[in-house]
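Written below as C-alpha cells is the structure these notes are about.
The values are calculated or read from the model by the stated rules, or taken from the named source; none is laboratory data. Predicted model, so just to flag it, every value in this text is computed and none were measured. Note that each Cβ is placed from the backbone with ideal geometry, even for glycine, and that neighbours are counted across all protein chains shown. Ligands, DNA and RNA are stripped out before the accessible areas are found, and what is left, the full protein with its side chains, is counted by its heavy atoms. Shrake-Rupley method; radii C 1.70, N 1.55, O 1.52, S 1.80 Å.
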Amino acid sequence: MSSTKKGVLGLDGKQAESLLDALASSGRLERLSKPGRTKAIIYRSPLGRTLAVVPESGPAKLVFEGRPQGREVEWDSWIAKTGVEATGQQLATTGLKVSGATALAEGRQKVLVVPTTDQLNQLLDLYLEEFAAASSRILARATVEAAMDAFDRYRETGEHAEVFGHFGDPRDYWVRSTRERPNRVYPTKPIVGFVRKETDLNGGWSTKESGAACLYNSGFIIVGQDGAPVGSPQPYNHLISDVERIRLCALNYYVEPARERSAVDVSIRAEDLALDMGLRDAFPAICGALGSEIFQKLANVPPPIHTQPNPSSSTIFTYKLRSQKKANNVTEETTSPAPMATNLILYGPPGTGKTYRTAWEAMRLCLGEAASEPLRDDREALMTEYRRLSAEGRIEFVTFHQSMAYEDFVEGRQPMTGSDEDGENASAGFRLETVPGIFRRIAKRAETGLSKTATSNRITVEGRQIYKMSVGFSWDAGDQETFEEIIEGGYTHLSWEDIDWSDPKYRDAEEIRKTCEAQGKIEGPVTLQSGQVSITDTFRNRLGAGDIIVVSKGNRLVRAIGEVTGPYEYHPRPDGNFGHRRPVRWLWHDPAGVPVTEIYDGNFTMRSLYRLKKERLNIPVLERYMNSAIKDADAYTEREAFVLIIDEINRANISKVFGELITLLEPDKRLGMPNEIRLKLPYSENTLSEKGFGVPSNLHIIGTMNTADRSIALLDTALRRRFIFRELMPDPSVLPANLDGIDLRLLLAKLNERIEYLFDREHQIGHAYFTGCHRREQLEEVMRHKVIPLLAEYFYEDWSKVALVLGDRPGAKSHFLEAKALPLPAGISEDDLGGERLRWTVKEKFDFSEFEVS
C-alpha cells in the first residue's frame, strides 16, 4: 500500500516534510505544527499516534514514539524489513513543543534515518497500520455485552453449555458490565472464550490474548469478585497505557450507555471515572484524555464544555450526543439560545399596583407562562408561591433610597474582627474584607441555577447529615494553596494530632482519648470533650459516606460543598499537619466564597468540624449549590430563573449605585450570550475567578418607579436604554361600581381627570388606594387620611386646587372641603391682597352625592 510516490536515494528532510504534508492533505495524517516552523514538524494519525520530521537539508530524519500509546513495537524487525537506520539519538524536547506531542519527549523517541521514499512508505505503513491492526483486536462493547447476556442465559437455562461448560467455576478475574444489570460482575475467561469461540485460554494477564488483558486493552474494567477495580499484578508491556484506557473506559461506560438511552448529552466527572477505574492521583491524565481531540474522534462527539478548575477531581466534561443529521433537523426551540434576560421597569403614578405586579412578573419568569397563568387572579396563591421562591433565594427584593451606594448593591469593604478566624492564631485586630452586596449575591446564586437535566438527576440532602468543616487557616498565607490541593485531590483533611487512627480500635472514642493522652503533643488534660478527641472521633467515625460537608472560609463565608465518599485514611505530611483524610466528591467550590447566610441562618463557629442543624439550613439553596456542577452540553440550555426586584429604582443615584454593572446588564452581554462581557470589580479582583465578574443570563431584573416622585425623563439615560419600560396607569374598572351607593369607578375617574387638567397625568391617583374599601366608612378613611393629604402635597398646599379636584367651590355645595372667608386683620386693607382669603377645612362628614350610583 503506497503512501507516497516512488523515490530514489537522497531523500532529505525538506522532501520528507512535503511528502508527509501530502498525506495530511489526504486525511491520513494531521499536521500539528504551524507553517514556517524550522524545528521538528509534528504530525498525528487519526487515532493518536504522533511522529515528526526534521526539515534539514541532510538525510531525512524521522522521530517516532518508542512505545506508541503504551504498546511495544518490534523496532528491530521493522528496521531490518525496511533497511532504515536507527541513530540512537534523542531530539531535545524543546524542539518538539507542540500540544499533543508529549509522547515524543526525550527518552520516549525512536529516531530513524530514512534514505528513500520507498522506505518512508514502508515505515509509515508499519507504524500507522500496525495500530489499526491492534485496534481490530479490541473487543467491541456490543460483542462483550452479548457474551454477558449469553452467560446469564447459561446460568439460568444451561444454554451455550458447549462453550461455558468448559470453564468451571470462576476464581480469579472478573469484568464489570457497562450496562445496569442485577449482577454487573462476570468472569473474564468465559466471556472472552465465548466471543472467540475458544475453550482453551488463560483468563489472566500474562499475554495480550489472556482474558483479563484482552478486556483491559478493550476498555473494560477488571474487578475482583466484590466489584472493586483491580489492576495488573505487574506492568506487562502488552497492556495499553492509562491514558488510552481512560479514553476507552469513558467511551464504554459513559458515552455509549448514554447513546443507548437516547440521551442528548452525557457528563463525566473526573473523580467518578477515577473511582470506577481504580486510578489514584490521575486527575491531570483523566482531564487531559477527556478533553483531547483523540477522544472526540474516538467517541464521535464535538468538543465538550467543562467546569473549572481544570484539571481537578471535580472537573466535569459534558458532551453533546446528537448525530449531525439530527443536529441539522432539530427544532428552533432546542437549538436557539435561551430566552434573553428581562430588564423591566414598571412605572406610573402611586397606587397603580406596581409592587404587586412585580410579584406576578417574577412568577411568570420563574415558573413560565403556563404554570403562572392560574395565579394571575388568585392573590393568595400568587403570594404563597412568591414567598416560597423568595425563601429559596430565587427572588430578592430591595428598595432603593437616597443613601443607597455601590458598596451596598454590588460590593464593598467592611471592617472585620479577628474573631472570624479558626484556631488559636486568630487576630484580635481589625481588617477590611470584601463583602458582596445584594446584586453580587443573587448573581452568584443564579450561576447555580439548575437545568432540566440537573433537576431530574439532582442530589438531595435526604438521609444525609450536614457538617461544617474547616480545611485550613484563613489567616495563613498558604491557605489558598491548601484549598486548591484538596479540591484537585478529591479529599478533605484534618489537622488535630499527627497520629494514625486507621486501627479499627479507634472506632471507640475512649481509645482515641487514651492515645491522645499517651502520644499527643497538645498540652493539658485530655477528656472526651477535648477537641483532639471529639473532633477526631467525628471525622473518623461519625462522618459517614454520603454525608455532606460545607467548607468554611473564616466564619462568614462558604467556599466548597462536597459529598464524603470513603472511610478514614492517614497520609502523613512532613510538617505534621493535616495528615488525616476522607475521600470527597466536590459538588461545588468557589475560592472567593459566598456568604454563609445564603444557606444558614447565622455565622459559623470556630470549631473545626461539627454537625449543622437542618432546621437552620436553607435546604433548597444548599441543594442548588450541590447540583450546580451538573451542566448541559448546550451552553444555551434554559436554566432556573432568578429575579431581582428593585422597588423605587429612581430614588437612588443610578450611576453611583450600579457602577460598571450598567454595561453588564444588557441581555446580549450576559454570561453565555454571543457578546458576553466580564469585568474586574474594584474590591474583589483578586478573589473572583480570573475571568472576572459577569451577569448570568438567567438573572432577571424588575424595577418600579413612581412618576410622582421623579419624572421618567430625569432617569439615567444609560439605564433607560437597557430596560424595557411598561406604564401602569390607574384602572377604575378593578373597583366596585356600587359601594354602599357610591360608584367608586366614577369617583376615581373624575378625580384623575381634574388632576391631569390642573397638574399632569403622572400625578394621578392609583386604584390601589381604594381596593381595600368594602364599606363607606373605609372609603371616608382613605379619602381623609390618604387622598386629600396626597393632593395637598401635589399642589404644594394650594387648597383652592385641591378643592377643584374634589369638586368643591366657594359658595357652592361642599362635598369634602369647607371654605370660610378669613376676616381682614387690622392694618391690612383689601387692596393690599387683591381679594378675599379663604380658610379650607376638611369636613367631618363627606358628601359623595356627585358620585352616587345612578
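Give me the one-decimal nm value for the distance between modelled label points at E56 and V461, 7 Å along each residue's Cα-to-Cβ direction.
6.7 nm
Per the Kirkwood definition applied to all pairs of different Cα atoms, how many angstroms is the hydrodynamic radius of the stretch 773-854?
Evaluated on the stretch 773-854, it is 14.3 Å.
Which percent of Cα-Cα pairs in the chain sits in each 20 Å bin, short to long?
12, 31, 30, 17, 8, 3, 0
When the helices in the chain are scored as -39500 (n - 2.57) per DSSP H run of 4 or longer and the sum is shared across all residues, what 222 nm value do you end up with, to the nearest 500 deg cm²/dmol?
Counting only the DSSP helices, I get -8500 deg cm²/dmol.
Provide the percentage of antiparallel DSSP beta bridges, counting only those with both residues in the chain; round to the nearest 5.
Of those bridges, close to 75 percent are antiparallel.
What does the C-alpha gyration tensor say about the overall shape of the stretch 693-846? Classify as rounded when a/c is under 1.5, otherwise prolate if a/b is larger than b/c, or oblate.
oblate
Scan the stretch 547-627 for trypsin sites (Lys or Arg not before Pro) in coil per DSSP, keeping those whose Cβ has at most 13 other Cβ atoms within 10 Å, and list them by number.
Listed in order of number, the matching sites are K613.
Rolling a 1.4 Å sphere over the protein heavy atoms, what is the accessible area per residue of the stretch 737-854, to the nearest Å²?
59 Å²
Roll a 1.4 Å probe over the protein chains and send me the accessible area per residue for the stretch 163-285 in Å². Don't jump to the answer; show the numbers that get you there.
On the way: 5440 Å² over 123 residues.
Result: 44 Å² of accessible area for each residue.
Please identify the chymotrypsin sites (Phe, Trp or Tyr not before Pro) of the stretch 752-828 that satisfy two criteria: DSSP loop assignment and at most 12 other Cβ atoms within 10 Å. Which are they?
Answer by residue number: Y796.
So if the hydrodynamic radius of the stretch 227-276 is defined as the Kirkwood radius over C-alpha pairs, what does Stokes-Einstein give as its diffusion coefficient at 10 °C and 1.306 mPa s, in µm² per second?
127 µm²/s
When the expected Rg is taken as 2.2 N^0.38 Å, what fraction or multiple of it is the alpha-carbon Rg of the stretch 173-272?
So the stretch 173-272 has a normalised radius of gyration of 1.10.
In whole angstrom, note down how far apart the Cα centers of the stretch 340-381 and the stretch 142-190 are.
One Cα centre to the other: 60 Å.
In vacuum, with every alpha carbon of the stretch 719-789 counted as one equal point scatterer, what does the Debye formula give for log10 I(q)/I(0) at q = 0.22 Å⁻¹? Two decimals, please.
Here the Debye-derived log intensity ratios amount to -0.97.
Quick check on my link table: of K521/K553; K297/K444; K34/K297; K354/K613; K110/K320, which ones sit more than 32 Å apart, alpha carbon to alpha carbon? Walk me through the intermediate numbers first.
Working: K521/K553 26 Å; K297/K444 36 Å; K34/K297 21 Å; K354/K613 39 Å; K110/K320 38 Å.
The answer is K297/K444; K354/K613; K110/K320.
Quick check: net charge around D281, other residues with Cβ under 12 Å of its Cβ, Lys/Arg +1 and Asp/Glu -1?
Every neighbour counted, the sum reads -3.
Going through the stretch 478-539, which trypsin sites (Lys or Arg not before Pro) have at most 12 other Cβ atoms within 10 Å and a DSSP loop state? Before the final figure, lay out each step's value.
Working: sites: K505, R507, R513, K514, K521; in loops: K521.
The qualifying sites are K521.
State the answer as a single residue: which of A792, T492, T116 lies farthest towards the positive end of the charge dipole of the chain, with beta carbon charges of +1 for Lys and Arg and -1 for Asp and Glu, about the Cα centre.
Farthest along the dipole direction, towards plus: T116.
Treating each Cα of the stretch 522-647 as an identical point scatterer and ignoring solvent, apply the Debye formula and state log10 I(q)/I(0) at q = 0.16 Å⁻¹.
Log10 of I(q)/I(0), two decimals: -0.96.
What percentage of the solvent-accessible surface of the chain, computed with a 1.4 Å probe over protein heavy atoms, is contributed by carbon and sulfur atoms?
49 percent
May I ask you to list the aspartates and glutamates whose Cα is less than 13 Å away from that of K843, ignoring any residue fewer than eight positions away on the same chain?
By straight Cα distance, K843 reaches E780, E781, D808, E818.
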